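The values are calculated or read from the model by the stated rules, or taken from the named source; none is laboratory data. As the structure is a computational prediction, the values presented were derived from the model and not from experiment. Neighbour counts run over all protein chains shown; Cβ positions are idealised from the backbone, glycine included.
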Amino acid sequence: MKSAVVSGASSGIGLACAKKLLKLDYMVYGISRDFSKCTLKDDKFQEIVLDLQDAKEIKKLKIKNISLLINSAGVGYFAPHQELSFDKIEQMIAVNLTAPILLAKVFLKDLKLHHGYIFNINSISGIQPALFGAAYGASKAGLKHFGTSLFKEARKSGLKVININPDITNTPFFDNLHFEPTDDSLTYIEPDDIADIIENVLNLREGTVMSDITIEPQKFQVRKK
């Protein structure tokens with residue numbers, strides 16, 4: 001049985017990806033700071049309670065034989081840059097950029113050995129200007145560049161690194177923001193859509209790598225809370 005690590009696995013995109021991998025017969029190690037609201041229960045799903053802002057705890061992870069890593073955990077704050085607190089800026093950099101780089105480091109030996117996959121859930125804000133989201137966009141652009149560079153570095157080992165850049169997705173990401181998706185299903189992406197794309201990538205012919213994928217809803221529209 002193959003094994004996978006999914007960060008942000010308690011909700012949203014990470015949870016959808018964990019469920020998809022379970023259906024594909026993976027053993028899934030889900031990382032989250034809080035699983036109290038997570039309804040996923042499965043013998044092949046192991047919860048790992050971990051604050052991704054804590055680099056020391058990431059370095060202590062001892063899971064072996066990992067063939068797939070999904071860096072899905074993310075946090076975003078949107079406001080004029082001068083109005084963002086230092087704590088919020090530091091949190092975005094730690095969770096969105098530092099943690100995925102460290103997780104890749106922890107599992108890279110196994111991932112290369114198994115000709116495995118790293119999926120970085122980035123953001124469209126990392127490939128185009130992010131209005132009132134300069135720091136958030138920078139953290140996601142950094143992760144995208146890391147993924148692209150790591151693939152170039154390690155591709156001879158068989159490692160595949162895939163950057164997925166979704167636009168507005170219907171997840172709890174917006175719970176504490178001042179805007180959210182509308183009720184029109186054409187204006188947002190569902191987490192299951194991204195999980196389906198990951199399955200499709202896993203089914204590609206060996207030797208073919210879809211390294212960068214941007215996903216947008218048919219319409220662009222948000223609403224203020």
So how many residues does the range 47-56 have that are outside any loop (DSSP other than H, G, I, E, B) and surrounded by 16 or more Cβ atoms within 10 Å (Cβ to Cβ)?
2
Filter the range 129-147 for residues that are in a helix (DSSP H, G or I) and either of a type in the set (Gly, Ala, Ser) or in contact with a Gly (Cβ under 8 Å, 6 or more places away or on another chain) (or both) and give the result.
ALA134, ALA135, TYR136, GLY137, ALA138, SER139, LYS140, ALA141, GLY142, LEU143, LYS144, GLY147
Filter the range 84-93 down to residues that are surrounded by 10 or more Cβ atoms within 10 Å (Cβ to Cβ) and either closer than 18 Å to GLY8 by Cβ or not aliphatic (A, V, I, L, M) (or both), then give me how many there are.
6
Of the residues SER36, SER10, which single one is of a type in the set (S, T, N, Q), assigned to a loop (DSSP other than H, G, I, E, B) and touching a Cys at 6+ places or on another chain (Cβ under 7 Å)?
SER10
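For the subset of the range 137-172 comprising residues that are hydroxyl-bearing (Ser, Thr, Tyr) and touching a residue at least 60 places away in the same chain (Cβ under 8 Å), which member is nearest to LEU186 (Cα to Cα)? I'd like the intermediate steps shown before the answer.
Initially, the range 137-172 is screened for residues hydroxyl-bearing (Ser, Thr, Tyr), giving 139, 148-149, 157, 169, 171.
Adding the requirement that they be touching a residue at least 60 places away in the same chain (Cβ under 8 Å) leaves 148, 169, 171.
Values: THR148: 30, THR169: 11, THR171: 15 Å.
Per the criteria, the residue is THR169.
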Just one of ALA73, ALA134, ALA99, ALA79 is surrounded by 23 or more Cβ atoms within 10 Å (Cβ to Cβ), more than 24 Å from GLU190 (Cβ to Cβ) and of a type in the set (Gly, Ala, Ser); which is it?
ALA99
Looking at (1) without any contact (Cβ under 8 Å) to a residue 12 or more places away in the chain; (2) out of contact with any Phe, Trp or Tyr (no Cβ under 9 Å at 6 or more places or on another chain), which one does SER85 not meet, given that it meets all the others?
(2)
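Matching residues to (1) farther than 24 Å from PHE132 by Cβ; (2) in contact (Cβ under 8 Å) with a residue 60 or more places away in the chain; (3) surrounded by fewer than 16 Cβ atoms within 10 Å (Cβ to Cβ):
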| site | (1), (2), (3) |
| --- | --- |
| SER185 | yes, no, yes |
| ILE189 | no, no, no |
| ASP196 | yes, yes, yes |
| VAL201 | yes, yes, no |
| ARG205 | yes, no, yes |
| THR208 | yes, no, yes |
| ILE213 | yes, no, no |
| GLU216 | no, yes, yes |
| GLN221 | no, no, yes |
Looking only at the range 1-17, decide whether some residue is over 15 Å from the mean Cα position of the chain (by Cα) and either crowded, with 16+ Cβ neighbours inside 10 Å or at pLDDT 95 or above (or both).
yes
Please find, among LYS44, LYS59, the residue that is in contact with a Phe, Trp or Tyr (Cβ under 8 Å, 6 or more places away or on another chain), of a type in the set (Lys, Arg) and surrounded by fewer than 24 Cβ atoms within 10 Å (Cβ to Cβ).
LYS44
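Does PHE78 satisfy the condition of being more than 23 Å from PHE173 (Cβ to Cβ), modelled with pLDDT of 95 or more and of a type in the set (Phe, Trp, Tyr)?
The answer is no for PHE78.
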